[in-house]
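The values are calculated or read from the model by the stated rules, or taken from the named source; none is laboratory data. Note that this is a predicted model, so its numbers are computed, not measured. Reconstructed Cβ throughout: ideal geometry from the backbone, glycine too, with neighbour counts over all protein chains shown. Side chains are part of the model used for accessible areas, which takes the heavy atoms of the whole protein and leaves out ligands, DNA and RNA. Shrake-Rupley method; radii C 1.70, N 1.55, O 1.52, S 1.80 Å.
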Amino acid sequence: PGRLPTGEEVPLEGGPPDHSYSLSSGTTSEELLRKLNEQRDIIALLEVKMKEMKGSIRRLRLAEAQLREEIREKDRLLHAASAGTRKRHGL
């Protein structure tokens, strides 16, 4: 492959493809269609995964908010208990 001034590689005529997604000059329309359909399937799978991950993130954020609230409540109770103990012992 030749190089452009940007450093990007350009496949030279007749050479093997550089990447699995590169196409040789003799690619038939059937092969192009098959590759396109494969890529569409991959994109659809990735979109499903993204939606699942967004759902997981939402659930984790809710769980985090609940845990933070529990910690705040326990801190309040501990603070109140320790303040009461100091008063009883005259500290």
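Some observations on this one:
- Some residue of the stretch 59-82 being modelled with pLDDT of 95 or more and of a type in the set (Gly, Ala, Ser): yes
To keep it simple, each residue is scored yes or no on (1) of a type in the set (Ser, Thr, Tyr); (2) touching a Leu at 6+ places or on another chain (Cβ under 6 Å); (3) open to solvent by 100 Å² or more (accessible area, probe 1.4 Å).
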residue	(1), (2), (3)
SER29	yes, no, no
LYS35	no, no, no
GLU38	no, no, no
MET50	no, no, yes
LEU62	no, no, yes
ARG68	no, no, yes
THR85	yes, no, no
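- Evaluation of ASP18 against (1) of a type in the set (Asp, Glu); (2) at pLDDT 95 or above; (3) part of a loop (DSSP other than H, G, I, E, B) (one fails), failing number: (2)
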